[in-house]
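These notes are about the structure you will find just below.
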């Protein structure tokens, strides 16, 4: 995953990637999955890295993927990444309610008993700031993410609120994540999304 230019490069991120951190993509990155993406790291160790792209709607809705939810208001599903595109993942703030959920950040959980999730949804509970669903995930082999961070493809951000991870999406969330990186990354905000149209 190479950059087209060094024009908007910044110093290499001083924060090391770890479970619970965000990855914020460099503005020159043109990959369809990762352009202006914000990724939540689920796991990062000597065996590799797993994360979920938080801000890319897939165009799918959970109501058409899971039986018994057809009568509910449409629940969007986000594109978590290019790997395992036939698997559903979910981040949520309901660790106290969902058995077998794994805490991946302070107050933020992944997975857990899906039948309980479905019951929670069918009971009419508000999910807006509580659950986010994903198809697929993003993965890196051992050492790959560290190399990409050194190449300035990603900046690591641990300055965020859990509610943002669940409720925000699109380019606006990317911009918020860039602002959380600090002043040295402000130039990223001035770079056009489609520079060849200027």
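Values in this text are rule-based calculations from the coordinates and carry no lab data. What you see is a predicted model, and the numbers here were worked out from it, not measured in a lab. So basically every Cβ, Gly included, is an ideal-geometry build from the backbone, and we count neighbours across all protein chains shown.
Report, in degrees rounded to the nearest 10, the 0 to 90 angle that the Cα long axis of helix 170-179 makes with the longest principal axis of the chain. Tilt relative to the chain: about 50 degrees. Between 117, 131, 42, the residue with the greatest mean-square fluctuation in the GNM of the chain (Cα pairs under 10 Å linked by springs) is 117. Cβ crowding within 10 Å ranks 93, 46, 73 as 46, 73, 93, fewest other Cβ atoms first.
Per residue of the chain, the DSSP helices (runs of n ≥ 4 H) give a summed -39500 (n - 2.57) that works out to -4500 deg cm²/dmol at 222 nm. For the chain, modelled as a GNM with alpha-carbon contacts under 10 angstrom, which of 102, 166, 135 fluctuates the most? Of the options given, 102 has the highest mean-square fluctuation. For 22, 62, the sequence from fewest to most other C-beta atoms within 10 Å is 62, 22. Spin-label pair residue 122-residue 193: with each label point 7 Å from Cα along the Cα-Cβ axis, the two points sit 3.8 nm from one another. Beta bridges from DSSP with both residues in the chain: antiparallel share about 90 percent, rounded to the nearest 5.
Restricting the calculation to Cα atoms, every distinct pair contributes to the Kirkwood radius of the range 45-198, found to be 17.1 Å.
Pairs of Cα atoms nearer than 8 Å and 6+ residues apart set the relative contact order; for the range 22-183 it is 29 percent.
For the range 24-65, the share of alpha carbon pairs falling in successive 10 Å distance bins from zero is 25, 40, 29, 6 percent. For the range 81-147 and the range 56-78, what is the separation of their Cα centres, given in Å? First find each Cα centre; the distance between them is then 15 Å. Stokes-Einstein diffusion of the range 119-198 at 37 °C, 0.692 mPa s viscosity, Kirkwood radius from Cα pairs, rounded to a whole number: 209 µm²/s. Neighbour counts of C-beta atoms inside 10 Å place 120, 185 in the sequence 120, 185, starting with the fewest.
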